[in-house]
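Data first, discussion second: the structure below is written as structure tokens.
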């Protein structure tokens with residue numbers, strides 16, 4: 001059975017564990033939970049931060065500092081000085097320090113040493129130091145000394161109780177004191193999933209009105225929070241499978257999976273994944289290797305699913321990943337691991353973990369990854385295995401697929417149905433879209449617009465030949481059942497007017 005944070009901390013305290021770090025999305029709520037956990041167990045609880053210095057927790061006497069100097073007479077703002085003073089702390093006391101996650105690292109050996117110096121004195125006297133932060137990247141000098149706990153985002157039952165209590169207060173100001181239905185509360189919970197408890201409370205307080213609930217406001221507020229997370233962005237597009245021509249086999253699979261058991265709540269898109277991990281073997285900073293390991297562990301531990309969309313440019317890989325979530329009412333998130341990288345030591349690692357933690361908060365164990373890829377040679381085998389639904393080959397569209405794509409983009413760009421299409425051999429779906437776009441903007445015919453289009457089959461001839469050779473018999477086909485057997489033979493020439501009706 002999964003233990004709560006409070007039980008983990010009490011267990012660690014009873015075992016005389018001296019040094020603990022907690023990654024938490026809500027420091028205020030976690031402090032409250034720690035204080036409650038030790039209210040009847042620890043002799044005293046001291047809280048410290050860079051601005052306020054040290055002070056007793058709310059549940060302890062304001063006149064007793066358990067061996068530390070009185071903050072009114074001698075406030076200690078320097079973390080190293082405070083940690084040194086903690087050597088005089090009375091037995092069975094707990095110290096909570098927050099705001100140090102950006103300071104603990106190889107650039108602050110004095111701080112790391114001060115923390116390490118508490119290990120033995122605290123372990124023999126049942127004292128505990130608890131470090132709080134949004135995410136920790138423990139330096140090598142302390143990695144074997146600190147136990148790290150992960151405080152997850154609130155679960156749906158917690159959010160539901162919060163929403164219910166807030167709605168009860170707001171309902172007092174509604175006509176007939178009407179409260180929201182269970183279904184409406186569930187919709188509100190879905191709109192704040194992936195937020196900290198404090199954030200969820202603020203958003204719900206703004207979204208609950210005298211008229212009921214403003215779901216659009218809640219969704220927009222959450223979008224702002226997600227987009228503020230380095231590496232993550234929320235896709236609010238409206239395209240669905242109706243906007244996709246061809247690719248019938250992978251669309252069939254997607255419908256079966258998303259209409260089957262445990263439908264994924266979140267679809268995470270990673271563009272050109274081969275470029276993200278291209279430097280895992282030669283990256284001296286270790287950031288790419290760390291990102292790979294974090295992603296692999298998260299997919300394994302949480303049972304996250306996924307597939308790799310492989311093929312030449314313009315073949316529909318990105319389009320498929322964009323429309324998948326919209327078609328089935330899931331949340332669409334783009335994950336850019338390169339955007340997590342930062343110039344400061346340790347910051348990149350924390351950002352990557354924060355992004356993974358946010359994804360888990362949004363989807364729990366119902367997360368589906370779609371990674372687009374132009375070449376799989378550089379992908380580590382262990383990464384390929386995590387994408388358990390395989391690698392799918394997206395080839396240039398055949399005659400029937402091009403016919404369907406022309407129909408879609410004629411409609412999107414208001415191109416008359418009786419207007420002839422140009423010769424489209426070797427065209428990708430993106431070529432067809434671009435031709436219709438140009439015809440619309442230039443007020444010209446499709447044949448004239450085709451003068452400004454270079455067929456993908458010619459522009460990327462070498463790339464296409466290589467991808468076809470690589471995929472032959474090894475990867476699944478996105479267009480027809482079974483392994484990829486090569487491009488489907490076109491039996492009808494497209495060098496003539498095509499009836500799209």
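The values are calculated or read from the model by the stated rules, or taken from the named source; none is laboratory data. In this text, all values refer to a predicted model and were calculated from it rather than measured experimentally. Note that each Cβ is placed from the backbone with ideal geometry, even for glycine, and that neighbours are counted across all protein chains shown.
Answer yes or no as to whether residue 43 is touching a residue at least 40 places away in the same chain (Cβ under 8 Å) and more than 30 Å from residue 194 (Cβ to Cβ). Taking the combined requirement at face value, the residue satisfies it. With the structure loaded, tell me whether residue 267 is more than 19 Å from residue 404 (Cβ to Cβ), within 16 Å of the chain's Cα centre (by Cα), at pLDDT below 95 and not in a loop (DSSP other than H, G, I, E, B) or whether it fails that test. Spelling it out, it is not the case that residue 267 is more than 19 Å from residue 404 (Cβ to Cβ), within 16 Å of the chain's Cα centre (by Cα), at pLDDT below 95 and not in a loop (DSSP other than H, G, I, E, B). Restricted to region 264-273, and to residues there that are within 13 Å of residue 330 (Cβ to Cβ) and touching a strand residue (DSSP E or B) at 6+ places or on another chain (Cβ under 6 Å), the residue that is surrounded by the most Cβ atoms within 10 Å (Cβ to Cβ) is 267. Of note, residue 29 satisfies the criterion of being surrounded by 13 or more Cβ atoms within 10 Å (Cβ to Cβ), at pLDDT 90 or above and within 21 Å of residue 353 (Cβ to Cβ). Suppose we keep only residues that are touching a residue at least 24 places away in the same chain (Cβ under 8 Å) and out of contact with any strand residue (DSSP E or B) (no Cβ under 8 Å at 6 or more places or on another chain) within region 179-190. Which one would you say is nearest to residue 26 (Cα to Cα)? Restricting to residues being touching a residue at least 24 places away in the same chain (Cβ under 8 Å) and out of contact with any strand residue (DSSP E or B) (no Cβ under 8 Å at 6 or more places or on another chain), the top hit is 189. Residue 362 falls short of the stated requirement of being over 22 Å from residue 486 (Cα atoms), assigned to a loop (DSSP other than H, G, I, E, B) and either assigned by TED's automatic domain parsing to the domain that holds residue 297 or under 33 Å from the mean Cα position of the chain (by Cα) (or both). Counting only residues that are at positive phi and buried (at least 19 other Cβ atoms within 10 Å of the Cβ), region 234-263 holds 2 of them.
Listed here are the residues, each with its yes/no results for (1) without any contact (Cβ under 8 Å) to a residue 24 or more places away in the chain; (2) within 33 Å of the chain's Cα centre (by Cα); (3) loosely packed, with under 14 Cβ neighbours inside 10 Å.
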position: 382; (1), (2), (3): no, yes, yes
position: 386; (1), (2), (3): no, yes, no
position: 391; (1), (2), (3): no, yes, no
position: 394; (1), (2), (3): no, yes, no
position: 404; (1), (2), (3): no, no, no
position: 415; (1), (2), (3): no, no, no
position: 426; (1), (2), (3): no, no, no
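Residue pairs whose Cβ atoms lie under 7 Å apart, sitting 6 or more positions apart in sequence or on different chains, and linking a residue in region 22-40 that is part of a loop (DSSP other than H, G, I, E, B) to a partner that is modelled with pLDDT of 90 or more and surrounded by fewer than 20 Cβ atoms within 10 Å (Cβ to Cβ), are 26/197; 26/198. What do you reckon, is residue 283 closer than 30 Å to residue 404 by Cβ, modelled with pLDDT under 90 and surrounded by 14 or more Cβ atoms within 10 Å (Cβ to Cβ)? Answer is no for this residue. Looking at the structure I just gave you, is residue 200 outside the structural domain of residue 104 (by TED's automatic domain parsing) and within 23 Å of residue 229 (Cβ to Cβ)? Taking the combined requirement at face value, the residue satisfies it. Considering the conditions (1) in contact (Cβ under 8 Å) with a residue 40 or more places away in the chain; (2) exposed (fewer than 13 other Cβ atoms within 10 Å of the Cβ); (3) under 18 Å from residue 394 (Cβ atoms), residue 420 is excluded by exactly one of them, (3). Applying the set (1) under 30 Å from the mean Cα position of the chain (by Cα); (2) more than 13 Å from residue 132 (Cβ to Cβ) to residue 29 leaves exactly one unmet item: (2). Among the numbered criteria (1) modelled with pLDDT of 90 or more; (2) under 21 Å from residue 142 (Cβ atoms), which one does residue 99 miss? Here residue 99 meets the rest and fails (1). In region 365-376, the residue that is farthest from residue 461 (Cα to Cα) out of those that are more than 16 Å from the chain's Cα centre (by Cα) and part of a strand (DSSP E or B) is 372.
Only residues that are more than 23 Å from the chain's Cα centre (by Cα) and part of a loop (DSSP other than H, G, I, E, B) were counted in region 227-250, giving 4.
Quick check on residue 133: is it closer than 20 Å to residue 354 by Cα, assigned by TED's automatic domain parsing to the domain that holds residue 28 and surrounded by fewer than 20 Cβ atoms within 10 Å (Cβ to Cβ)? When the stated conditions are applied, residue 133 does not pass them.
Exactly one residue out of 174, 127, 193 is in contact (Cβ under 8 Å) with a residue 60 or more places away in the chain and more than 30 Å from residue 337 (Cα to Cα), and it is 127. From the list 379, 383, the one residue that fits, being within 26 Å of residue 249 (Cα to Cα) and in a helix (DSSP H, G or I), is 383.
Of the helices (runs of 4 or more DSSP H) that lie entirely inside region 429-501, those containing 2 or more residues that are at pLDDT 95 or above and farther than 30 Å from residue 253 by Cα span 429-442, 446-449.
Counting the residues of region 196-233 that are buried (at least 17 other Cβ atoms within 10 Å of the Cβ) and either closer than 18 Å to residue 319 by Cβ or free of Cβ contacts under 8 Å to residues at least 60 places away in the same chain (or both) gives 14.
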